[in-house]
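Please treat every number below as a calculation from the coordinates, not as lab data. Since the structure is predicted, the reported quantities are computational estimates derived from the model, not experimental observations. FYI the Cβ positions are ideal-geometry reconstructions off the backbone, even for glycines, and counts take in every protein chain you see.
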Amino acid sequence: MYHTIQFAGDFMIDIEVSPKQPLERILVRAGSSIRAQLRPYVAETTDGPVEVADLYFEDGSATRTVPFACFFFVD
């Protein structure tokens, strides 16, 4: 299921377009909305566990390990 999410602040993400292509780094501005499927999980960091999600976009691209603190649900 696709959800509309909005980014809470400026955030750099690495977009996976294809396994054969290098990652594309883009800046997502605060207030940007996008539709994505989410695969949530908890990642261990030096500061302790953090809730993150892999985002899969409608165009087939994806980004990984996006902290839930960086976005919120619009719908």
Could you check the simple spin-label distance between THR65 and ARG35, using points 7 Å along Cα→Cβ, in nm with one decimal?
2.9
Full-extension gain between THR4 and GLN21, please, as 0.36 nm times their residue separation minus the C-alpha to C-alpha distance.
3.5 nm
Reported label for calculated percent of Cα pairs over 16 Å apart given [x] 50; [y] 35; [z] 75:
[x]
Within 10 Å of each candidate Cβ there may be at most 14 other Cβ atoms; applying that plus a DSSP loop requirement, which trypsin sites (Lys or Arg not before Pro) in the stretch 1-58 survive?
LYS20, ARG29
Rounded to the nearest 0.05, what FRET efficiency is calculated for ASP14 and PHE73 with R0 set to 22 Å and r the Cβ-Cβ distance?
0.50
In the chain, chymotrypsin sites (Phe, Trp or Tyr not before Pro) in a DSSP loop with at most 14 other beta-carbon atoms within 10 Å:
TYR2
